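Inspection log for the structure reproduced underneath, given as structure tokens.
Derivation of every value follows stated rules applied to the coordinates shown; laboratory data play no part. Just so it is clear, the model here is predicted, and its values are computed rather than measured. No Cβ is skipped: glycine too gets one built from the backbone with ideal geometry, and neighbour counts run over all protein chains shown.
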2 protein chains.
Amino acid sequence: MTDRTFASLEEFRAVLSSLPVPDENAISAAKSRNAKLTKPPAALGRLEDLAIWYAGWRGNPRPLLERPQIVIFAGNHGVTARGVSAFPAEVTVQMVTNFEAGGAAINQLAKTFGARMDVHAIELDRPTADFTQGPAMNEAEVASALSIGWNAVDPDSDLLVTGEMGIGNTTAASAISTALFGGSPLDWTGRGTGVNDHGLKLKTQVVAEALEMNRDRDALRVLQTLGGREIAAMAGAIARARVERLPVILDGFICTSAAATLAFAQAGALDHCVAGHVSSEGAHASMLSRLGLSPLLDLGMRLGEGSGGALAIGVMKGAVACHSGMATFAEAGVSED
Amino acid sequence: MTDRTFASLEEFRAVLSSLPVPDENAISAAKSRNAKLTKPPAALGRLEDLAIWYAGWRGNPRPLLERPQIVIFAGNHGVTARGVSAFPAEVTVQMVTNFEAGGAAINQLAKTFGARMDVHAIELDRPTADFTQGPAMNEAEVASALSIGWNAVDPDSDLLVTGEMGIGNTTAASAISTALFGGSPLDWTGRGTGVNDHGLKLKTQVVAEALEMNRDRDALRVLQTLGGREIAAMAGAIARARVERLPVILDGFICTSAAATLAFAQAGALDHCVAGHVSSEGAHASMLSRLGLSPLLDLGMRLGEGSGGALAIGVMKGAVACHSGMATFAEAGVSED
């Protein structure tokens, strides 16, 4: 697959309608290999399932995991004018500078797990519109953000983590979640980077107003009208990864809201994704459970930046290393029973 | 601290009675640093607590984690004559060969997380006595195993994971747990590497007989009479790590049973330990909860070898890398609120 520039949501929707599936031969050969490794059956628990799943997407029964890529997208949100965040909007660009200088949490995690890290700041001086007053983006804007995400993925990597930075974006993610999953804004709105009780009440009210103003519940229209540029870019990157048969580790609440738009647009669109962690942002656990995703880590993280996904690279590396590196009973001369 | 040869349990008990405590100045400076890092307060969740805890034990408010050591001890168990395991006793020595050849799961995990790995096979041709007939070890034997563990720790490492291999050792761990925590053998006996219903009933019966035969409930006597050489060696290594101010990541059911003997012998003896994971071996979760330990990972693993602890090295490395590598708000020019 080559890079693309989507001119409309329909062009992106067409991609989602013909996604590749995992390689059943590789899965079958990986299962057979797993059964012969020097350990009691199933003793590596979920690591075994992860390795077989990874083998299926990579089309290789004994795959390596050596070139993980972390892509971070940053965007600004008009809704911050409503006072929904504990931090000022300038922090988005300041944190992008911090990413580029190597000073953020995600930089340390990328280094720890040997991941390439790319940062895409998307028109930070042009925030999305305040979605309590109209759609966050027009169709050209969301298609452009999807394209940026799509083109940010390195097809030569072997695992993708998508992360984000965008003051105000938990409000957008709450609005997306409410629109997709239903229920009330209260069910899907949390404290984000740390708003107080008053701020939480305000955020919930803002989400209710956003849903009232933007009534189209088609998943990609939800992404356009209630999302943000970094959220759409994550959706674009996750879709590109699928087309490249790159497994994806999802991060937290905002990343998962981007992924959810794909799942609602096309059943099975997240089959190549695993949930890296469950965030302490209130609604993330429900979101994962509604998507049928079971998190690898549960460490009370709620930073974004792809940090929970990046930490889970270690688990994936461990799983793949055991699967592909272990000796079989026959090779090691170990009695099977 | 130098290497030692314990001649009696009392010599080892004396060590436990004067264990070092963490460095409060380092903890305080690490907390202060943590509060200034470019992230919302507490947004890294448990990673922040882990980094501060690690800083306290290392006596350094901005520590590194670069030289983790995994030590695996292997031992054989007379109780296997009772048919308590799904694998024959020869597998212990076969797996030691596999460790030495680099073919086991733990080898792949050690490589993935950059850990040094040492294997100590302890008198495999001299299994412990069948503890349904008398004590598993005499005092000289347990003291020798404690010494082997003590001397296996590299004082220049900066993190320790202890692992084990020993066909029959879940039975020993169940006996230790029942003796220490109370309740019935049924509460603490599980399927180990995969015994069937009949095998589980037999194991439970064997544990009951072992407790009937060995009635001294002093924690170090429990280690001697119901333990095994590899279990005692893990206890010795964990104690040595404490004396060297090396944080320890505990592995699963058997490793935790070894650690539990220290906790019962001396309150607070496990303050330098974190639980790497909760195993799918039934009683491990209760054991951790009774010891006040909260696992970092929950991935259905039950292999032993230190594998769950080794996988958690990634989490510890991530925690320490974020803490010590991130920029502060002032350094990065990011607005705090």
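Things to note:
- Chain B: angle of helix B:169-181 to the longest principal axis, Cα-based, in degrees nearest 10: 80 degrees
- Here's how it looks for residue A:305: its modeled amide H is under 5 Å from those of A:164, which are all 5 or more places away or on a different chain.
- Residues residue B:133 and residue B:97, FRET efficiency given R0 of 35 Å [Cβ-Cβ distance, rounded to 0.05]: 0.70
- Mean separation of Cα contacts under 8 Å, 6 or more apart, over the residue count of chain B: relative contact order %: 24 percent
- What you get for region B:78-186, charging only the Cβ of Lys and Arg (+1) and of Asp and Glu (-1), is a dipole of about 340 debye around the Cα centre.
- Degrees separating the helix A:313-325 axis from the principal Cα axis of chain A, which is the longest one: 20 degrees
- Rounded to whole numbers, the Karplus 3J(HN,Hα) couplings from phi for region A:87-103 are 10, x, 4, 4, 4, 4, 5, 4, 6, 4, 4, 5, 4, 5, 8, x, x Hz, using 6.51 cos²θ - 1.76 cosθ + 1.60 with θ = phi - 60°, and x at Gly and Pro.
- Flagged links, alpha-carbon separation over 21 Å, of A:111/B:39; A:36/B:201; A:317/B:317; A:31/A:317: A:36/B:201
- Value of relative contact order over region B:84-200, rounded to a whole percent, pairs C-alpha under 8 Å and six or more apart: 37 percent
- Spin-label zone in region A:298-337 - amide nitrogen under 17 Å from a point set 7 Å from the Cα of residue A:31 along the C-beta vector: none
- Pair residue B:212, residue A:212: separation of 7 Å Cα→Cβ label points (nm): 7.5 nm
- Look at where the Cα atoms of region A:286-337 and of region B:30-72 average out, and the two centres are 23 Å apart.
- Net dipole in debye of region B:66-319 [+1 Lys, Arg Cβ; -1 Asp, Glu Cβ; about Cα centre; nearest 20]: 360 debye
- Residue-count net charge about residue B:120 - beta-carbon cut-off 12 Å; Lys, Arg +1, Asp, Glu -1: -4
- Listed residue (B:94, B:8, B:113) projecting farthest to the positive dipole end of region B:1-126, Cβ model: B:113
- For residue B:108, net neighbour charge (Lys/Arg +1, Asp/Glu -1) across residues whose Cβ lies under 12 Å away: +2
- Relative contact order (percent, whole number), region B:166-319, Cα cutoff 8 Å, 6+ residue spacing: 23 percent
- Think of each Lys and Arg Cβ as +1 and each Asp and Glu Cβ as -1; about the Cα centre, that makes the dipole of the protein assembly as shown roughly 340 debye.
- Charge sum, other residues only, whose C-beta stays under 12 Å from residue A:60's C-beta, Lys/Arg counted +1 and Asp/Glu -1: +2
- Distant-in-sequence amide contacts of residue B:191, defined by a placed amide H-H separation under 5 Å and a gap of 5 or more residues or a different chain, comprise B:282.
- Nearest-0.05 FRET efficiency for residue B:197 and residue A:67, computed from C-beta distance (R0 51 Å): 0.65
- In degrees, nearest ten, helix A:24-36 long axis to first principal axis of chain A (Cα): 50 degrees
- Estimated vicinal HN-Hα couplings, Hz - region B:41-49 in sequence order (Karplus 6.51, -1.76, 1.60; Gly, Pro = x): x, 6, 5, 8, x, 5, 4, 5, 4
- At q = 0.09, 0.15 Å⁻¹, base-10 log of I(q)/I(0) for region B:66-319 (Debye sum, equal scatterers on each alpha carbon): -0.32, -0.95
- Gaussian network model of chain B, springs between alpha carbon atoms under 10 Å - residue of B:310, B:232, B:89 with greatest fluctuation: B:89
- The protein assembly as shown - share of DSSP beta bridges that are antiparallel (%, nearest 5): 5 percent
- Top of A:290, A:302, A:191 by mean-square fluctuation, Gaussian network on chain A, Cα under 10 Å: A:290
- Under the Karplus curve 6.51 cos²θ - 1.76 cosθ + 1.60, θ = phi - 60°, whole-Hz ³J(HN,Hα) for region B:284-299, x wherever Gly or Pro sits: 5, 4, 5, 4, 4, 5, 5, 8, x, 9, 10, x, 6, 10, 9, 10
- Among A:146, A:192, A:74 - extreme Cα towards positive end, dipole of region A:66-319, charges at beta-carbon: A:192
- Amide H to amide H, with H built 1.01 Å from N, residue B:70 comes under 5 Å of B:116, B:117, B:118, B:161, counting only residues 5 or more places away or on other chains.
- Candidates B:203, B:36, B:317, ranked by Gaussian network fluctuation over chain B, Cα under 10 Å, top entry: B:36
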